Amino acid sequence: MTQKLVGKVAIITGASAGIGAATSIALAAEGAYVAIAARRADKLNEIAQQIEASGGKVLQVITDVTDEAQVQNLIAKTKETFGRIDILVNNAGIAIVGQIANANTDDWRKTINVNIFGVLYATHAVLPTLLEQKSGHIVNVSSVAGRTVRAGIGIYNLTKWGVNAFSEALRLELTPQNIRVTVVEPGMVNTEIDEHKLGVKQISDPVAYEKSQALRKSITSLESEDIANAIVYAVTQPERVDVNEIMIRPTTQFW
Ligand SMILES: NC(=O)c1ccc[n+]([C@@H]2O[C@H](COP(=O)([O-])OP(=O)(O)OC[C@H]3O[C@@H](n4cnc5c(N)ncnc54)[C@H](OP(=O)(O)O)[C@@H]3O)[C@@H](O)[C@H]2O)c1
């Protein structure tokens, strides 16, 4: 099989688990050199070993996307190591869901910092390189929750609607510069998103946690590889093709 991304360099945030890990492996399998970023060194290392065992080339950069300096370091290290940057997948995200009334507002700050500022910092840091190259592709992982709203996940909705609006603004600004923007909106995907915050349960509201788990159990969720396949599709199109938006639900998810 011909690899479609030979000579390309991709950065993936939130690459230590779930959709980001699967996307890193899939892009590397297409021949891209990948810079993988997340906070957990051990998990990143596992993904890196898997990529290397299949003949891929990978750079690990421990990065907390809520820290602008760390994100700038990720972009700089990638360029220094691989010489260019073609694809940025803004995937790192958290979902501390719960009702608005009586919420712990610290959960709001965490969610907005990762899901919004993480995307903004990485995009801002990578743009000078893409503009200089007059080519590149930014993929923002949003959610069905960026297009529809449900009671009990309002702040997650807010961040993902924000990612969608930002992606469209970015597309409008970057179209004349030959830079592509894709927003990907998954439905339920079978990952650890409900579970972890560096090993600690993430959703602090027990009712919201049970609701989310019940919803997940009520259908056959997508797998991370399903979303990785969609991202590979978007970034391997001919340069004249800009896939703006991909929404993917599990077949039995009606919401
Ligand atoms: N799973 C779903 O049902 C679903 C549906 C729609 C959209 N999405 C979106 O898909 C994306 C990936 O989610 P997932 O389901 O794959 O979740 P996941 O399995 O929990 O993985 C999340 C990834 O983000 C990283 N991350 C979290 N906080 C970070 C931070 N501050 N700095 C850097 N990395 C951070 C985590 O790594 P570390 O902990 O090692 O930092 C991990 O690699 C998110 O944007 C999510 O909103 C998921």
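Listing for the model above:
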{"item": "Evaluation of M247 against (1) touching a residue at least 60 places away in the same chain (Cβ under 8 Å); (2) part of a helix (DSSP H, G or I); (3) within 13 Å of the ligand (Cβ to nearest atom); (4) not acidic (D, E) (one fails), failing number", "result": "(2)"}
{"item": "Pair list, Cβ under 6 Å, 6 or more apart: the range 225-242 residue within 16 Å of N190 (Cα to Cα), other residue buried (at least 17 other Cβ atoms within 10 Å of the Cβ) and of a type in the set (D, E, K, R)", "result": "none"}
{"item": "Options V126, V163: the member that is within 11 Å of the ligand (Cβ to nearest atom), modelled with pLDDT of 95 or more and either under 19 Å from T66 (Cα atoms) or part of a helix (DSSP H, G or I) (or both)", "result": "V163"}
{"item": "Failed item, numbered, when R216 is tested on (1) surrounded by fewer than 19 Cβ atoms within 10 Å (Cβ to Cβ); (2) assigned to a loop (DSSP other than H, G, I, E, B)", "result": "(2)"}
{"item": "Which listed residue is among the polar types (S, T, N, Q) and touching a residue at least 40 places away in the same chain (Cβ under 8 Å), from N102, N91", "result": "N91"}
{"item": "Residues of the range 121-131 classified as within 19 Å of the chain's Cα centre (by Cα) and surrounded by 17 or more Cβ atoms within 10 Å (Cβ to Cβ), total", "result": "7"}
{"item": "Among the residues listed as E52, E68, E46, the single one being closer than 24 Å to K110 by Cα and charged (D, E, K, R)", "result": "E68"}
{"item": "Leading residue by the ranking (farthest from A234 (Cα to Cα)) among those in the range 51-69 that are out of contact with any strand residue (DSSP E or B) (no Cβ under 9 Å at 6 or more places or on another chain) and more than 14 Å from the ligand (Cβ to nearest atom)", "result": "A53"}
{"item": "Enumerated strands (runs of 3 or more DSSP E) restricted to the range 1-105, each holding at least 3 residues that are surrounded by fewer than 24 Cβ atoms within 10 Å (Cβ to Cβ)", "result": "58-62"}
{"item": "G146 surrounded by 20 or more Cβ atoms within 10 Å (Cβ to Cβ) and either touching a Lys or Arg at 6+ places or on another chain (Cβ under 6 Å) or at positive phi (or both)", "result": "yes"}
{"item": "Conditions (1) without any contact (Cβ under 8 Å) to a residue 40 or more places away in the chain; (2) away from the ligand (no atom under 16 Å from the Cβ); (3) crowded, with 21+ Cβ neighbours inside 10 Å; (4) not aromatic (F, W, Y); number of the one not met by P176", "result": "(3)"}
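The values are calculated or read from the model by the stated rules, or taken from the named source; none is laboratory data. What you see is a predicted model; the values in this text were computed from it and never measured. So basically every Cβ, Gly included, is an ideal-geometry build from the backbone, and we count neighbours across all protein chains shown.
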